[in-house]
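S.K.: Below you will find the structure I want to go over with you.
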Amino acid sequence: MNPYENELKALKRSGRFRERTVRDETLIDAASNDYLGLAHNKELHIKACATLSQYSDHAPKASMLVNGYHPIHSLFEEALCKANGFEAGIVMGSGFNANIGLIEALVRKGDVLLMDEEYHASGVAGARMCEGEVIYFPHNDSEALKTLLLQNSPKRMIVAVEGIYSMGGDLVPREIIELAIEHKAILILDEAHSSGVIGESLMGILDHYGIAPTPLMIKMGTLGKAYGSFGAYVLSSKHISEYLINRAKNVIYATAPSLYDTALAHHALDYIQSHSKVLREQIALRQNIILETLGIRCAGLIVPIEIGDNHEVMRLQKQIKNELGIHVGAIRQPTVKKAILRLIARLDIDAALLAQACERLTQIWVK
């Protein structure tokens, strides 16, 4: 008996049916979010293993509030706070559960959450679970946000935006951050795709704009992208951190994050800080290649190429794979409004090969 047969058939007809495929190690990876190529850095892996070997245990064993809060967690939180200018931090299991736990805990009855309409699905899931009112504003529209801030007088106002948006690859405007500050709103910055990629110190959107964190700012970042590991973190004031420790279900009821992944991310943070100049140069080089060949100006390393048709985007992905041995993302609805090829100009892709791939794209991509 197949209770979801009709739904699966409809997905196949529309070109939206998804399948898992085991990663092909012979292909060049231009699809994943490993922006700096640190997931391939064996030195960081060796250092993480050495860190772990200093302790008698290698697993968290419990939730953070029972007995799972390990020195490895605490040291990494301290390093993140110092690097980003925040008072307190909490490491979490993943960006997805961090967003759900964060938003569900913060938005209480009588509060209003103003969320960018292109905020990540994890934030939308968290918004559906919260007790307060949720209003979505047009993507990156500072005037629309200003109107909503002036129209509402809730117990607490919370604004949720991303530093770099995962599909469009565009930055949140500085004006939106300044509006949240001006109106004394709690500001959630999802930095999954901006931390490690932009800013003078590569610490993300606040670093990029030169804006100091305020007591009402919350930074959520992931470790499975630029940091080449797995997990997430939330940085905030000590006050908000204490509140989350007492109310965020993903902190209270989940086993604490992996010690290996946390140690690996800590060494990745050290690497980014000590190599920021050369990393910025390599990022700029790839951004210039994209601009010169595809005419796309990238804020980070995400290159969205609108195709529009679900079947065509899959065909183009296969053609690029067969011709060039390069795997790019083929993103379809409902993740995006219109199907896109999502090319990631990762730093461990040779610049000449990236230029070659982009030149070929201009020949097969019908704008």
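S.K.: Normalised by the number of residues in the chain, what is the relative contact order in percent for Cα pairs under 8 Å and 6+ residues apart?
M.R.: Rounded, it is 23 percent for the chain.
S.K.: Assigning unit charges at the beta carbon (Lys, Arg +1; Asp, Glu -1) and nothing else, what dipole magnitude in debye, to the nearest 20, does the range 87-207 show about its Cα centre?
M.R.: In debye, rounded to 20, the range 87-207 gives about 520.
S.K.: If you don't mind, there's one more thing I want to ask. Pick out, from H120, H73, L316, the residue whose Cα sits farthest towards the positive end of the charge dipole of the chain, with +1 on the Cβ of Lys and Arg and -1 on the Cβ of Asp and Glu.
M.R.: Going by the Cα projections, it comes out as L316.
S.K.: Further, regarding this structure: Of all beta bridges DSSP finds with both residues in the range 148-233, what is the antiparallel percent, to the nearest 5?
M.R.: Numbers: 3 of 12 bridges.
Among the beta bridges of the range 148-233, antiparallel pairing accounts for roughly 25 percent.
S.K.: Still on this structure, please answer the following. What dipole magnitude, in Debye to the nearest 20, does the range 1-99 give about its Cα centre under +1 on Lys/Arg Cβ and -1 on Asp/Glu Cβ? Before the final figure, lay out each step's value.
M.R.: Details: 11 positive and 12 negative charges, 82 e Å.
Charge dipole, the range 1-99, about its Cα centre: 400 debye, nearest 20.
S.K.: Related question: Among DSSP bridges having both ends in the chain, what percentage is antiparallel? Round to the nearest 5. If you can, show how the numbers build up before the last one.
M.R.: Working: 20 of 41 bridges.
So the antiparallel bridges in the chain amount to around 50 percent.
S.K.: Separation of the range 287-332 and the range 208-237 by C-alpha centroid, Å?
M.R.: Measuring centre to centre over Cα atoms gives 28 Å.
S.K.: Next question, about the same structure. Kindly provide the chymotrypsin sites (Phe, Trp or Tyr not before Pro) of the range 225-317 that DSSP labels as loop, not H, G, I, E or B, and whose Cβ sees at most 14 other Cβ atoms within 10 Å.
M.R.: Working: sites: Y227, F230, Y233, Y243, Y253, Y260, Y271; in loops: Y227, F230, Y253.
Those satisfying the criteria are Y253.
S.K.: Can you run the Rg to Rh ratio on the range 1-126? Use alpha carbon positions and the Kirkwood inverse-distance Rh.
M.R.: Taking Rg over the Kirkwood Rh, I get 1.05.
S.K.: Determine the share of the chain's accessible area contributed by carbon and sulfur atoms, expressed in whole percent, with a 1.4 angstrom probe.
M.R.: On the way: 9080 of 17480 Å².
For the chain, the apolar C and S fraction of the accessible surface comes to 52 percent.
S.K.: Pop out the ³J(HN,Hα) list for the range 327-333 in order, Karplus 6.51 cos²θ - 1.76 cosθ + 1.60 with θ = phi - 60°, rounded to Hz; leave Gly and Pro as x.
M.R.: 3J(HN,Hα) across the range 327-333, in whole Hz: 9, 10, x, 10, 9, 10, 5.
S.K.: Roll a 1.4 Å probe over the protein chains and send me the accessible area per residue for the range 201-258 in Å².
M.R.: On the way: 2210 Å² over 58 residues.
Result: 38 Å² of accessible area for each residue.
S.K.: Hey, any idea what Rg/Rh is for the range 231-367, computing Rh the Kirkwood way over Cα pairs? Provide the component values of the computation, followed by the final result.
M.R.: On the way: Rg = 19.6 Å, Rh = 18.0 Å.
Looking at the range 231-367, the ratio lands at 1.09.
S.K.: Nothing charged except the Cβ atoms of Lys and Arg (+1) and of Asp and Glu (-1): what's the magnitude of the dipole of the chain about its Cα centre? Round to the nearest 20 debye.
M.R.: Details: 38 positive and 42 negative charges, 151 e Å.
The dipole magnitude comes to about 720 debye.
S.K.: Please list 161-170, 51-60 highest first by mean number of surrounding beta-carbon atoms within 10 Å per residue. Numbers along the way, then the final one.
M.R.: Values: 161-170: 22.5, 51-60: 13.0.
The packing order, highest mean first, is 161-170, 51-60.
S.K.: While we're looking at this one, here's another question. Translational diffusion coefficient, Stokes-Einstein: compute it for the chain using the Kirkwood radius over C-alpha pairs as Rh, at 25 °C and 0.890 mPa s, and state it as an integer in µm² s⁻¹.
M.R.: Details: Rh = 21.5 Å.
Taking Rh from Cα pairs, D becomes 114 µm²/s.
The values are calculated or read from the model by the stated rules, or taken from the named source; none is laboratory data. Just so you know, these numbers come straight off a predicted model, no measurement behind them. Ideal geometry is used to build each Cβ from the backbone, glycine not excepted, and the neighbour counts take in all protein chains shown. The area values use the complete protein model at the heavy-atom level, side chains included, leaving out ligands, DNA and RNA. Shrake-Rupley method; radii C 1.70, N 1.55, O 1.52, S 1.80 Å.
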